[in-house]
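The values are calculated or read from the model by the stated rules, or taken from the named source; none is laboratory data. Please read all numbers here as calculations on a predicted model, not as lab measurements. Cβ sites come from the backbone with ideal geometry, for glycine too, and all protein chains shown count toward neighbours.
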Amino acid sequence: MIQIGETVFRFDDPLVLAGLAGAFVLVLILTLLVMVVRAAGRAARLTEPLAYQIGQLGHRVQQLNDGQVHLSGGLQHVSQTQSAAQAQMMTLMEKRLQEVQLRMGESLHGSAQKTANSLGELQQRLLTIDKAQANIEKLSGNVLSLQDILSNKQTRGAFGEIQLNDIVGKALPKDGFTLQATLSNGKRADCLIHLPNPPGPIVIDSKFPLEAYEALRRAETKPDLEMAARQLRMAVRSHIRAISERYIIEGETADGALMFLPSEAVYAELHANFPEVVRDGFDAHVWIVSPTTCMATLHTMRAILKDARMREQAGAIRATLKMLHRDVELVVERVDKLNTHFGQARNDLEQINTAAERAGKRAARLDNFDFEDVTPEVDVSGVVPLPVRER
C-alpha cells in the first residue's frame, strides 16, 4: 500500500495495478528509445569503415573480374596448347606403340626360337639322363653282383686274386712274375715276383678280412665295437702268420712277403686304428699293401728287375762295345786310305790340267804359224813322246 498525500493506493486495486503496468511499459519504451537512439549513433559510426570496406571490396571485385577475363584467355591458350600437346602425345604414343608392338613381336619370335632351342636341349639332356639312369640301374645290378661275390669266401678270394693279377700284369713284364706259383713246400702262392738275389723271389698273397671289417662298421654300442675290433685283429694276425709260415722259405724266397688287401678302406682302417697289427706284420716280415701302395711297390720292383737285367747283360754289352770299337777303327783306316787315293787323284788331275794348258798354248801357236818364216828351233824337252807300236 502506498500513500501519496491523502490518497492511498493499494496494490490489490486493479486500477493501481493497471497504472503501475502502464508506467512500467512507458518506462520500458523510453528505455528502448534511448537504447535505439544510442544504437543508431553507434551504427552510424560503425557503417563508415564498413562503407569504405565495401568500396574496397567492389574495387577488388572489379580487379577479380579483370583477372577472370585474363584467366579465361590464358585458360583458352592453355586449352589450345594442351590440345596440341595431347595430339602430339597421341601421335608419339601411337608411334611408340607400333615400335613396342614390333619389338614385342621380334622378342616373342626370339623367345619362341630360344624356347624351341631350350626344349631341344632339354630333350637331349633328358635323353642323357635316361641313359645315365640306365647306366645307374646297370651299375646297381653290378653292385648287387659284387655284394653277392663278396658274400662268399671263395668268390671273394677269387676277386682279390683277379685284382692282384691285373695290377701285377700292368706293372711288371710277363717274364718278371708267375701266377699261382707252387713252392718247394707244396704251397701255392697267388703271385711270385722273380727278383734277383738279394733279396730273391718274393711272394704276394691276397687276403680280404671282410666279415670282421663289416662287423666293425655295423657296431653301434661300445661292447659291439670292442668285439668287432678284436675279431679284425685276430683275422689280420691269422693271415700274417699264415703268409709268414707258408711263403717265406730260406734259400728259396726273399726274407719277406706281401699281403695284398683289395680294399683301400680296410687298409686305411688298419693303419689309422690298428697300428699294432701293422707292426706285427713288420715283425713277421709281412708287409700289408693296398691296390695303390701295391702298384707303387711293383714299380720299384720293376726298376730292380731292369737294373738286374742290365747287370746280367753287362758282359754282352762290353763285348758288343769292343766289336763296335774295332769296326770304328777299320772305318778310320779305310777313310785314311781313301784320303790317300783322293790325294793321288788330285795330283793326277793337277798334272792333267797343266798338260792341257800347255797343249792349248801350242795349238794357238800353230794357228799363227807362217810357213815362209824360218822355222824356229822348237824346244822338245817338254813334249811327251808317243809310244812306238811293235809290228
Query raised in the report: Which ones in the range 177-199 are in contact (Cβ under 8 Å) with a residue 24 or more places away in the chain, within 12 Å of Ile304 (Cβ to Cβ) and more than 48 Å from the chain's Cα centre (by Cα)?
Result: Pro198
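Here's the yes/no breakdown for (1) more than 22 Å from Asn165 (Cβ to Cβ); (2) in contact (Cβ under 8 Å) with a residue 40 or more places away in the chain:
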residue: Pro209; (1), (2): no, yes
residue: Tyr213; (1), (2): yes, yes
residue: Met227; (1), (2): yes, no
residue: Arg230; (1), (2): yes, no
residue: Ala235; (1), (2): yes, no
residue: Ser244; (1), (2): yes, yes
Query raised in the report: What do you reckon, is Ser79 under 30 Å from Asp205 (Cβ atoms), modelled with pLDDT under 75 and either not β-branched (Val, Ile, Thr) or not assigned by TED's automatic domain parsing to the domain that holds His239 (or both)?
Result: no
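Kindly indicate whether Phe260 is closer than 23 Å to Leu172 by Cα and at pLDDT 90 or above. Spell out the reasoning first.
Working: closer than 23 Å to Leu172 by Cα: yes; at pLDDT 90 or above: yes.
Taking the combined requirement at face value, the residue satisfies it.
Condition check ((1) buried (at least 17 other Cβ atoms within 10 Å of the Cβ); (2) assigned to a loop (DSSP other than H, G, I, E, B); (3) among the acidic types (Asp, Glu)) across all residues:
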| position | (1), (2), (3) |
| --- | --- |
| Asp190 | yes, no, yes |
| Val203 | yes, no, no |
| Ala212 | yes, no, no |
| Asp224 | no, no, yes |
**Report entry** Options Leu225, Leu172, Leu192, Leu216; residue that is modelled with pLDDT of 90 or more and either outside the structural domain of Glu250 (by TED's automatic domain parsing) or in contact with a helix residue (DSSP H, G or I) (Cβ under 9 Å, 6 or more places away or on another chain) (or both)
**Finding:** Leu192
Report summary line: If we ask which residues in the range 249-300 are aliphatic (A, V, I, L, M) and out of contact with any Leu (no Cβ under 9 Å at 6 or more places or on another chain), their number turns out to be 9
Requested in this report: For the range 41-49, state whether one or more residues are modelled with pLDDT of 70 or more, of a type in the set (S, T, N, Q), in a helix (DSSP H, G or I) and out of contact with any Cys (no Cβ under 8 Å at 6 or more places or on another chain).
Outcome: no
Query raised in the report: For residues in the range 246-268 being surrounded by fewer than 20 Cβ atoms within 10 Å (Cβ to Cβ) and in contact with a Phe, Trp or Tyr (Cβ under 8 Å, 6 or more places away or on another chain), which is farthest from Ile167 (Cα to Cα)?
Result: Gly256
**Report entry** Failed condition for Gln180, given (1) on the phi > 0 side of the Ramachandran plot; (2) surrounded by 12 or more Cβ atoms within 10 Å (Cβ to Cβ)
**Finding:** (2)
Query raised in the report: Restricting to helices (runs of 4 or more DSSP H) lying wholly in the range 275-391: which have 3 or more residues that are modelled with pLDDT under 85?
Result: 291-312, 314-367
